[in-house]
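A.B. asks: Provided herewith is a single structure, encoded as structure tokens, for subsequent inquiry.
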Amino acid sequence: MSVDQNIKARDFLIQNILQENILYFGAPKNARWRNRVVDAWMDDQSNPRWRYELINEFIKFKKGTKILDMASGCGTFVFYGLLNGHDAYGIDPEDWKHTFCRLKAAEYGYPDEWIGRFHKGVGEFLPYKDNFFDCVSSYQTLEHVQDPQKCIFEMCRVTRVGGCVHIMCPDYRSTYEGHYLLPWLPLFPRQLARIYLKLLGKSTKCLDGINYTTTPKIYRWLKEIENEMGWSFCILDYCKRKFEKALLKRKIPLITGSYLFYQILIFIRQLFRKESSTNIFVLIFKK
């Protein structure tokens with residue numbers, strides 16, 4: 001694709017977000033949402049910091065930590081890592097996002113070699129050797145891939161023993177769909193979901209490309225990979241860990257069933273208003 005190299009990265013980003021909105025949703029999302037997304041994807045200095053801080057709780061970052069963002073999108077996670085001394089890489093299948101990363105890198109004056117950290121490809125076939133990374137992170141991606149279990153296998157394959165895989169994606173047992181920004185039924189039957197979207201004047205193209213990922217399903221895939229390959233994983237639910245740490249800080253004893261009760265309260269509070277998420281870490285002990 002030929003692109004005017006004089007176009008501003010922000011303008012290029014807005015154009016492509018609008019095109020994607022029309023293609024996948026039938027109409028642009030509201031301007032407030034779009035501006036928030038554009039601001040985030042232009043911000044390499046602070047936007048991805050929270051993901052690094054999250055991962056740092058499980059593997060301590062040091063200078064040169066080798067990390068991969070699977071579906072690196074607009075590059076903020078990779079550029080933030082490089083700006084902070086990490087050995088960061090990204091992979092993404094979409095041409096326009098690689099073009100945007102080049103435009104942004106040129107505008108921000110990043111070293112030319114940083115663009116070489118981005119590769120075009122898919123999660124099912126990562127172009128890296130075994131045990132290459134200290135950490136592989138995937139954010140809001142697994143629900144869009146062709147084969148989620150194959151992607152998880154590949155993420156584990158390229159992660160070294162002692163490293164970790166971070167998976168964060170929607171849990172479709174929730175009552176809100178974060179792509180359409182609409183109330184949703186848990187594991188909404190697709191034929192009914194299509195009717196629902198068409199009644200609201202929405203395109204079903206985005207729905208056609210979504211996997212209904214859930215936390216139990218991802219746990220099952222990981223266990224199957226672990227058993228089939230003879231690997232050894234420790235799978236940690238970040239939300240549960242955070243809940244337990246909060247109790248410990250307040251010196252409240254952990255009672256059997258308390259986390260389930262907490263999850264029910266959160267589910268009710270978010271009912272038809274907020275998407276539920278899977279947020280797990282896979283610590284790799286042996287391959």
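The values are calculated or read from the model by the stated rules, or taken from the named source; none is laboratory data. Everything quoted here is computed from the prediction, not taken from an experiment. Glycine gets a Cβ as well: all are built from the backbone with ideal geometry, and neighbour counts include every protein chain shown.
A.B. asks: Kindly list, by first and then second residue, each pair from a residue in the stretch 189-213 that is of a type in the set (Ser, Thr, Tyr) to a residue that is modelled with pLDDT under 95, limited to pairs with Cβ atoms under 6 Å and residues at least 6 apart or on different chains.
C.D. replies: What qualifies is SER203/PHE25; SER203/GLY26.
A.B. asks: Also, quick follow-up: In contact (Cβ under 8 Å) with a residue 24 or more places away in the chain, under 29 Å from LEU236 (Cβ atoms) and either of a type outside the set (Ser, Thr, Tyr) or in a loop (DSSP other than H, G, I, E, B) (or both) - does that describe any residue in the stretch 104-117?
C.D. replies: Scanning the stretch 104-117 turns up at least one residue that is in contact (Cβ under 8 Å) with a residue 24 or more places away in the chain, under 29 Å from LEU236 (Cβ atoms) and either of a type outside the set (Ser, Thr, Tyr) or in a loop (DSSP other than H, G, I, E, B) (or both).
A.B. asks: So PRO186 ticks every box in (1) surrounded by fewer than 21 Cβ atoms within 10 Å (Cβ to Cβ); (2) in a helix (DSSP H, G or I) but one. Which box is left unticked?
C.D. replies: Just one mismatch for PRO186, condition (2).
A.B. asks: Examine the stretch 252-274 for a residue that is over 20 Å from ILE59 (Cα atoms), aliphatic (A, V, I, L, M), in contact with a Leu (Cβ under 6 Å, 6 or more places away or on another chain) and free of Cβ contacts under 8 Å to residues at least 12 places away in the same chain, and state whether such a residue exists. So that I can check it myself, show each step before the final result.
C.D. replies: Start the filter on the stretch 252-274 by keeping residues that are over 20 Å from ILE59 (Cα atoms), which leaves 252-274.
Adding the requirement that they be aliphatic (A, V, I, L, M) leaves 252, 254-255, 260, 264-266, 268, 271.
Checking which are in contact with a Leu (Cβ under 6 Å, 6 or more places away or on another chain) leaves us with 254.
Those still in the list that are free of Cβ contacts under 8 Å to residues at least 12 places away in the same chain too: 254.
For the stretch 252-274, residues over 20 Å from ILE59 (Cα atoms), aliphatic (A, V, I, L, M), in contact with a Leu (Cβ under 6 Å, 6 or more places away or on another chain) and free of Cβ contacts under 8 Å to residues at least 12 places away in the same chain: present.
A.B. asks: Going by the structure shown, is ILE22 closer than 20 Å to ASP112 by Cα and loosely packed, with under 15 Cβ neighbours inside 10 Å?
C.D. replies: Details: closer than 20 Å to ASP112 by Cα: no; loosely packed, with under 15 Cβ neighbours inside 10 Å: yes.
No: the conditions fail for ILE22.
A.B. asks: Quick one: how many residues across the stretch 118-145 are assigned to a loop (DSSP other than H, G, I, E, B) and not hydrophobic (A, V, I, L, M, F, W, C)?
C.D. replies: 8
A.B. asks: Looking at ASN279 and the list (1) within 23 Å of CYS135 (Cα to Cα); (2) loosely packed, with under 11 Cβ neighbours inside 10 Å; (3) not charged (D, E, K, R), which single condition is not satisfied?
C.D. replies: Of the numbered conditions (1) within 23 Å of CYS135 (Cα to Cα); (2) loosely packed, with under 11 Cβ neighbours inside 10 Å; (3) not charged (D, E, K, R), the odd one out for ASN279 is (2).
A.B. asks: Which one of these is modelled with pLDDT of 95 or more and assigned to a helix (DSSP H, G or I): CYS164, CYS156?
C.D. replies: Going through CYS164, CYS156 in turn, just one is modelled with pLDDT of 95 or more and assigned to a helix (DSSP H, G or I): CYS156.
A.B. asks: Just give me the residues in the stretch 256-287 being of a type in the set (Val, Ile, Thr) and assigned to a helix (DSSP H, G or I), in sequence order.
C.D. replies: Once the filter is applied, which keeps residues that are of a type in the set (Val, Ile, Thr) and assigned to a helix (DSSP H, G or I), the stretch 256-287 yields ILE264, ILE266, ILE268.
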